[in-house]
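Structure first, then comments.
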Amino acid sequence: MALAARRTAGHEVPTREEVKSRAKAMMPLVRELALKGEREARVADEVIEAFRDAEIHRALQPRRYGGWERGYETVIDVSATLAEGCASTAWVCGLYMIHNWLLTLFPESVQDEIWSGNPGVSISGSYAPAGTATAVDGGYRLSGRFRFSSGCPHADWNLCSAMLPTGDGEAAIPAFTLVPRADYAIDWDSWDNVGLSATGSYDVLVDDAFLPAHRVLPFAEATTGIAPGLPAHDNPMYRIPMLACVPYTLAIPPVGAARGALEMFVEENRNRETRGAVVSGGRQVSDYQTVQKRVGEAEALIDSCLVVAYRDIAETQEEVAANGTVSLETRMRNRRSQSFVTHQAVTAIDLILAAVGGRSMHASHPIQRAWRDIHSAAAHISLNFDAVMSMIGQHRFGLEPHGQY
């Protein structure tokens, strides 16, 4: 037992409102440095420092390791708030929060190893099992190129997913592995994206690094709520299957970004007059019924996204607290919602962008950046609308679902 890591188990935990206030306090800095982050293809150092100073990364971390053990609704609160100023910032900070939850699924020895050295650790990750692992005494030798590792420029560890030999002649299985910063390199030429640019989702390169056996977690254990690290924690939220909750970390930033874009659009056009003769120069933009309709519809879409997300999280946490597990129906419902709210955020930002006018199309304007970021988020394989909705339809028809759930 690593006593150094657990000595803060009795510390004071901030309320949910206090955590939200800390996120809101970051907003002026997040907005100010959003363009810098986009141009440098990584969240600004000052923003990450502010996030760590506010200790928001501790939201899902176990109390025995200095965390707060707040519920998943806190992740939604923080992600939706930060995304109003910068979707990339919300994306990266949300992953740092959720990866502290994911670390609890690994064996207790891994938790002790990582958090005893640094209770404020940041973990990035690449979920596609692109690496190859070869069994050796005490563990594995790991190699591979791990793509889209969002937040890796500021991370201390990386989740490198790989195909793991079983040693019994059966086919290799997909698994998460945890690799320290000293054992991987970042390909700084690998990330040049049209949206979510500041996520810094570079490729991570591992070349024949030794991987101790205890730093491995099969996907099947993470997605079914039977992970080896669970006996170390009493809080039932750690028993939620991974895909019932983790994708909200990706789905909420586009919703928050749409909300921020809508608020900016309303503020910019409250008293703005049109200038072009083709569209009746001299009229108030806010007087156009078509513009009014777009604002109302976008607001309803965004509000409904948050209502659905908060409902899902609340019911999932209640279910696992009562039953110790989460049903297939709930897992499917959550996967549907994660994709659906992202799809609705796309619709909302498209309504807004179509009415912004030429000046908002400047490369530095936050509304067009939100549009690019939201569309990029919707392209993520875990949120792909066609794929997820097809999987839901298969399930409803009693067919074998094909997809991630």
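Any read-out appearing in this document is the output of simple, stated calculations on the displayed coordinates, not a laboratory observation. Please read all numbers here as calculations on a predicted model, not as lab measurements. Because the Cβ atoms are built from the backbone with ideal geometry, glycine has one as well, and the counts that use them run over all protein chains shown.
Some observations on this one:
- Those lysines that a straight Cα-Cα span of less than 21 Å connects to Lys36, excepting residues fewer than 8 apart in one chain: Lys24
- Separation of the Arg272 and Phe385 label points, Cα + 7 Å toward Cβ, nm: 2.5
- Note on the chain: GNM, Cα springs under 10 Å; of Ala44, Ala363, Ala222, the largest mean-square fluctuation is that of Ala363.
- Length added when fully stretched, Phe397-Asp53, from 0.36 nm per residue minus Cα-Cα: 118.9 nm
- Extension gain, Asn323 to Glu40: 0.36 nm times the residue separation minus the Cα-Cα distance gives 97.2 nm.
- Extension gain, Tyr288 back to Tyr310 (0.36 nm per residue minus Cα-Cα distance, nm): 4.5 nm
- Sequence-separation-based contact order of the stretch 198-288, relative, with Cα cut under 8 Å and 6+ spacing, percent: 14
- Sorted by Cβ density within 10 Å, fewest first, the residues Thr89, Thr74: Thr74, Thr89
- Peptides 124-134, 324-334 ranked from most to least packed by the mean count of surrounding Cβ atoms within 10 Å: 124-134, 324-334.
- The chain: calculated mean residue ellipticity at 222 nm from DSSP helix runs of at least 4, using -39500 (n - 2.57): -15000 deg cm²/dmol
- Computed from the C-beta positions of Ser143 and His362 and an R0 of 51 Å, the FRET efficiency is 0.70 to the nearest 0.05.
- Highest to lowest packing among 36-42, 239-245, 77-83, 209-215, scored as the average C-beta count within 10 Å: 77-83, 239-245, 36-42, 209-215
- Label zone (Thr132, point 7 Å along Cα-to-C-beta; backbone nitrogen cut-off 12 Å) within the stretch 193-236: 208.
- For the peptides 228-238, 167-177, the ranking by mean Cβ contacts within 10 Å, running from highest to lowest, is 228-238, 167-177.
- Net +/- balance of residues flanking Arg311 in space, Cβ distance below 14 Å, scoring K and R +1, D and E -1: -4
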